[in-house]
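The values are calculated or read from the model by the stated rules, or taken from the named source; none is laboratory data. Predicted model only: the values in this text are computed from it and were never measured. Positions of Cβ are generated from backbone atoms using ideal geometry, with glycine treated the same way; all protein chains shown enter the neighbour counts. Surface accessibility is based on the protein's heavy atoms, side chains included, excluding ligands, DNA and RNA. Shrake-Rupley method; radii C 1.70, N 1.55, O 1.52, S 1.80 Å.
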Amino acid sequence: MGALPAHLERMRTHPDIAGEVLRLEYTAMSLNPNAKLYGRRSLLEFFDRARSRDRACLEAFDRELDVPWALYRVRRLFLVSADGGRRPVMRSTERVDIGRPRQLARRLISVSQRHGIDVEHDPVYGRARAWLSPRGTARPMAEELFAAAPARVIDKQDDNFEPHWRALTSSPTAQLPLD
């Protein structure tokens, strides 16, 4: 048995732990869709409610999501060094609001639609995500999004993020008027 099947079997044996792991990945993917635990597939994709052992894991996941949620502003900078090499990604994550998933998703969808911004929405579990500045293809580049996710992520920002952000974007940051 390979690593993934063994891991899934352990999760099915311990559904409460599985629910927590699923929530961790779901939260990470809410802020960064590239944060899947298994490359191109999320862990959630390996579970099927029609199977009783999987259903127990997904019910634990549902309980894990039954917490306050937050609306986050997420910004990333993909910079290059003086010699043209890739620098580590710089990040800023800021909690903008707190509430229930549907409430935050409705708010993000409503404000985004008024400003012509598309929203990705997962009506099953609640995630909503609006890209103000999607990631480009060539460095240096900046990306900015708002995302609703379980309120388990702390505000954090890399040192010197703001001067680098201003230098790269060279204009005031586009923001949704969420006040």
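Students often get this wrong: which residues of the stretch 52-80 have the backbone nitrogen under 20 Å from the point 7 angstrom along Cα-to-C-beta of R12? Under 20 Å, as judged by backbone N against the label point of R12, lie 52-62 of the stretch 52-80.
Gain in length, E94 to T137, computed as 0.36 nm per residue apart minus the alpha-carbon separation, to one decimal in nm?
13.0 nm
Split the accessible area of the chain by element, probe 1.4 Å, and carbon with sulfur accounts for 51%. Only the Cβ atoms of Lys and Arg (+1) and of Asp and Glu (-1) were treated as charged; on that basis the dipole of the chain about its Cα centre amounts to roughly 240 debye. In the chain, Cα pairs under 8 Å separated by at least six residues give a relative contact order of 21 percent.
Note on H121: accessible area approximately 90 square angstrom, rounded to 10, probe 1.4 Å, nucleic acids and ligands left out.
Classify the stretch 1-94 as rounded, prolate or oblate from the Cα gyration tensor: take a ≥ b ≥ c as the square roots of its eigenvalues, call it rounded if a/c is under 1.5, otherwise prolate when a/b beats b/c and oblate if not.
Working: a/c = 3.72, a/b = 1.78, b/c = 2.09.
Since a/c reaches 1.5 but b/c is at least a/b, the shape of the stretch 1-94 is classed as oblate.
In a DSSP loop and with at most 16 other Cβ atoms within 10 Å, the trypsin sites (Lys or Arg not before Pro) in the stretch 102-136 are R135. Once percent of Cα pairs over 22 Å apart is calculated for the structure shown, the corresponding label among [x] 48; [y] 43; [z] 51 turns out to be [z].
Helix 52-65: angle to the longest alpha-carbon principal axis of the chain, degrees 0 to 90, nearest 10? Its long axis makes an angle of about 40 degrees.
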